[in-house]
1. Does Y56 satisfy being crowded, with 16+ Cβ neighbours inside 10 Å, without any contact (Cβ under 8 Å) to a residue 40 or more places away in the chain and under 29 Å from R95 (Cβ atoms)?
2. Need pairs with beta-carbon distance below 6 Å; first residue within 11 Å of V7 (Cβ to Cβ) and within region 68-86, second polar (S, T, N, Q) and assigned to a loop (DSSP other than H, G, I, E, B); sequence gap 6+ or separate chains.
3. Sort out which residues of region 71-98 are touching a strand residue (DSSP E or B) at 6+ places or on another chain (Cβ under 7 Å), open to solvent by less than 20 Å² (accessible area, probe 1.4 Å) and farther than 13 Å from G53 by Cβ, and write them in order of number.
4. Of all residues in region 66-98, count the ones that are modelled with pLDDT of 95 or more, more than 18 Å from V32 (Cα to Cα) and small (G, A, S).
5. Would you call F40 under 13 Å from the mean Cα position of the chain (by Cα), of a type in the set (F, W, Y) and closer than 18 Å to A91 by Cβ?
6. With the condition being touching a Phe, Trp or Tyr at 6+ places or on another chain (Cβ under 8 Å) and aromatic (F, W, Y), I'd like the strands (runs of 3 or more DSSP E) fully within region 1-81 carrying at least 1 qualifying residues.
7. Of the residues R63, R49, which is more than 13 Å from the chain's Cα centre (by Cα) and at pLDDT 95 or above?
8. Kindly indicate whether any position in region 59-68 is in contact with a helix residue (DSSP H, G or I) (Cβ under 7 Å, 6 or more places away or on another chain) and open to solvent by less than 50 Å² (accessible area, probe 1.4 Å).
Amino acid sequence: MISGVAVLVDPLREYPDAGLPWTLWCHMVSDVDFAELHAFAARLGIARRRFQGDHYDLHPGLRARAVELGAVEVGTGELVVRMAGARGDRARARRARA
């Protein structure tokens, strides 16, 4: 982890129609802010242009390296609820209303 902020990764999932050189990947997010997420991605050697607005996609090798560097493994539902940014905000609001 960087500066005590949790960087989160969800389980690997198959995306066969993605049109990419790999079809298995996960999502990496921050539960606090994007600055920490970008810094963590840079440590992994991921170019900033690969940022997807609120997350980075990781293939299996990058996911393993992220976990080695301190990323926390969580389920996809928990990842969405804890993530920073608009998608996380919407998920937290839904949970609060339930």
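The values are calculated or read from the model by the stated rules, or taken from the named source; none is laboratory data. Treat the numbers as computed from the prediction; the structure is a model and nothing was measured. All Cβ positions, even for glycine, are placed from backbone atoms using ideal geometry, and neighbour counts span all protein chains on display. All accessible areas refer to the heavy atoms of the entire protein, side chains included, with ligands and DNA or RNA removed. Shrake-Rupley method; radii C 1.70, N 1.55, O 1.52, S 1.80 Å.
1. Working: crowded, with 16+ Cβ neighbours inside 10 Å: yes; without any contact (Cβ under 8 Å) to a residue 40 or more places away in the chain: yes; under 29 Å from R95 (Cβ atoms): yes.
Yes: the conditions hold for Y56.
2. Cβ pairs passing all conditions: none.
3. At the first step, the residues of region 71-98 found to be touching a strand residue (DSSP E or B) at 6+ places or on another chain (Cβ under 7 Å) are 71-74, 79, 82-84.
Checking which are open to solvent by less than 20 Å² (accessible area, probe 1.4 Å) leaves us with 71, 74, 79, 83-84.
Selection gives A71, V74, L79.
4. Matching residues across region 66-98 total 0.
5. Values: under 13 Å from the mean Cα position of the chain (by Cα): yes; of a type in the set (F, W, Y): yes; closer than 18 Å to A91 by Cβ: no.
Against the criterion (under 13 Å from the mean Cα position of the chain (by Cα), of a type in the set (F, W, Y) and closer than 18 Å to A91 by Cβ), F40 does not qualify.
6. Values: elements: 7-9, 24-30, 56-58.
The strands (runs of 3 or more DSSP E) meeting that bar are 24-30.
7. On the way: R63 fails: more than 13 Å from the chain's Cα centre (by Cα).
Exactly one of R63, R49 is more than 13 Å from the chain's Cα centre (by Cα) and at pLDDT 95 or above, namely R49.
8. Keep residues of region 59-68 that are in contact with a helix residue (DSSP H, G or I) (Cβ under 7 Å, 6 or more places away or on another chain), which gives none.
Taking every residue of region 59-68 in turn, none turns out to be in contact with a helix residue (DSSP H, G or I) (Cβ under 7 Å, 6 or more places away or on another chain) and open to solvent by less than 50 Å² (accessible area, probe 1.4 Å).
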